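Asker: Encoded as structure tokens, here's the structure I'll be asking about.
Every number in this text was worked out from the coordinates using simple rules, so none of it is lab data. Bear in mind that the values here come from a model prediction, so they are computed numbers and not experimental data. Cβ placement follows ideal geometry from the backbone for every residue including glycine, while neighbour counts extend to all protein chains displayed.
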Amino acid sequence: MTAAAPRSLTPASPAASAASLPALEVSALSHAYGPRRVLHDVSLRVMPGEFTVLLGPNGAGKSTLFALVTRLFDARQGSIRIFGAALRQQPGVALAQLGVVFQQPTLDPDLSLRQNLAYSAALHGMSRAEGRRRAEEELARIGLLERAGEAVRRLSGGQRRRVEMARALMTRPRLLLMDEPTVGLDAASRSFLLDHVRRLCREEGLAVLWATHLIDEVDAASRLIVLHAGRVRAAGGPEQILAEGGGGTLRDAFARLTDEERASEDRTSEERAGDAREAPP
């Protein structure tokens with residue numbers, strides 16, 4: 001198999017190339033489905049070259065956050081910026097720098113790997129030749145170029161996930177979102193995805209927000225954002241999460257930070273504080 005050349009992450013503008021500019025900046029973001037609020041004043045940052053784990057149990061609000069960042073849902077409360085571009089005011093500029101792998105499979109199982117990627121390339125305005133070149137480059141990087149002509153349905157679950165990641169990287173994004181990408185995969189497939197994405201962060205400066213409920217997908221170099229019941233419970237490196245979660249192992253700290261009784265007490269305190277601020281003098 002011929003090794004593919006490193007991908008080029010071309011900055012959208014000189015300002016966007018500044019190292020201090022966050023790849024993703026979410027500020028005071030809230031969202032509700034009717035009367036049920038699922039995100040509460042969420043603020044977070046992901047920096048270029050950073051592998052950030054969005055860690056939370058099922059129902060924490062991770063997929064809703066991704067839907068807002070990708071503009072599947074409109075963010076009416078709070079703001080989202082991608083490399084400085086405001087998502088509501090500059091959606092084209094912001095989304096052009098974003099790649100995403102959603103939790104639910106989105107490949108057409110009856111098309112070949114090459115056809116799936118060619119279709120995506122056409123949707124993004126690439127020429128046929130450029131789309132084919134980029135598809136072959138990304139398939140080579142994940143070890144599936146020799147199967148480019150096969151139907152997706154002949155692949156294993158882990159291989160299909162690789163193809164979805166390759167498709168997301170065809171547009172040369174500077175920020176990659178991955179929503180529970182390892183659900184249902186075996187240990188070898190999980191390890192491949194994690195190693196590949198972390199390598200892109202280290203070697204090519206790709207910013208990644210990796211949503212998961214699995215604590216063992218966190219390593220010592222990861223930055224974590226613990227999300228529970230629609231609120232950011234803690235953020236920082238593993239040592240900071242341990243400190244905020246009361247020590248012990250990372251698993252113990254995560255369990256305490258996502259404890260329902262504690263979350264309920266904190267919500268009550270926040271509501272009381274809000275009532276006090278709004279009360280007339």
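Asker: Hey, what angle do you get for helix 187-204 against the long axis of the chain, alpha-carbon based, 0 to 90 degrees rounded to 10?
Answerer: Tilt relative to the chain: about 90 degrees.
Asker: Related question: Taking H placed 1.01 Å from N in the peptide plane, check which residues at least 5 places from V232 or on another chain put their amide H under 5 Å from its amide H.
Answerer: The answer is S43.
Asker: Using the Cα gyration tensor of the chain, with a ≥ b ≥ c the square roots of its eigenvalues, what is the shape: rounded (a/c below 1.5), prolate (a/b larger than b/c) or oblate (neither)?
Answerer: Numbers: a/c = 1.98, a/b = 1.63, b/c = 1.22.
Verdict is prolate for the chain.
Asker: What whole number of Å gives the distance from the Cα centroid of segment 43-85 to the Cα centroid of segment 116-177?
Answerer: 24
Asker: Here is a follow-up. Enumerate the amide H contacts of L176 below 5 Å, restricted to partners 5 or more residues apart or on another chain; note that Pro and chain-start residues carry no placed amide H.
Answerer: Amide H neighbours of L176, under 5 Å, 5+ apart: G99, A207, V208, L209.
Asker: Would you grab the residues whose amide H sits under 5 Å from the one on T70? Only those 5+ places off in sequence or on another chain, please, with H modelled 1.01 Å from N.
Answerer: none
Asker: So what's the net charge close to A94: Lys and Arg +1, Asp and Glu -1, counting the other residues with Cβ under 12 Å from its Cβ?
Answerer: Working: positive: R71, R81, R88, R174; negative: E25.
With Lys, Arg at +1 and Asp, Glu at -1, the neighbours total +3.
Asker: With labels modelled as points extended 7 Å from the Cα through the Cβ direction, what inter-label distance (nm, one decimal) is found for S30 paired with Y119?
Answerer: 4.0
Asker: Could you give the length gained on full extension between R154 and E204, defined as 0.36 nm per residue of separation minus the Cα-Cα distance, in nm? The partial results should precede the final answer.
Answerer: Working: separation 50, 0.36 × 50 = 18.00 nm, distance 3.13 nm.
So the chain would gain 14.9 nm between R154 and E204.
Asker: Okay, moving on. First select every other residue whose beta carbon is under 11 angstrom from the beta carbon of T52; then total the charges, Lys and Arg +1, Asp and Glu -1.
Answerer: Working: positive: R45, R223; negative: E50.
Summing Lys and Arg as +1 and Asp and Glu as -1 gives +1.
Asker: What number, rounded to the nearest 500 deg cm²/dmol, is the helix-based mean residue ellipticity at 222 nm of the chain, given -39500 (n - 2.57) per DSSP H run of at least four residues and division by all its residues?
Answerer: On the way: 9 runs with 103 residues, N = 281.
-11000 deg cm²/dmol, from helical runs alone.
Asker: When the dipole is taken about the Cα centre of the chain, and only Lys, Arg (+1) and Asp, Glu (-1) are charged at their Cβ, what size is it in debye, to the nearest 20? Display every interim value, and only then the final one.
Answerer: Working: 37 positive and 34 negative charges, 197 e Å.
The dipole of the chain has a size of about 940 debye.
Asker: Using each residue's phi in segment 158-168, evaluate 6.51 cos²θ - 1.76 cosθ + 1.60 at θ = phi - 60° and report the 3J(HN,Hα) Karplus result to the nearest Hz, with x for Gly and Pro.
Answerer: Per-residue couplings from phi come out as x, 5, 4, 5, 4, 5, 4, 5, 4, 4, 5 Hz.
Asker: Can you give me the angle between helix 128-141 and the longest principal axis of the chain, using Cα atoms only, in degrees from 0 to 90, rounded to the nearest 10?
Answerer: With both axes taken from Cα atoms, the answer is about 70 degrees.
Asker: On to the next question. Give the angle, between 0 and 90 degrees and rounded to the nearest 10, that separates the Cα long axis of helix 260-278 from the longest principal axis of the Cα atoms of the chain.
Answerer: Relative to the chain, helix 260-278 is tipped by roughly 60 degrees.
Asker: Starting at the first residue of segment 35-47, write each ³J(HN,Hα) from the Karplus equation 6.51 cos²θ - 1.76 cosθ + 1.60 with θ = phi - 60°, in whole Hz, x for Gly and Pro.
Answerer: For segment 35-47, the Karplus curve yields x, 9, 7, 10, 10, 10, 6, 7, 10, 7, 9, 10, 9 Hz.
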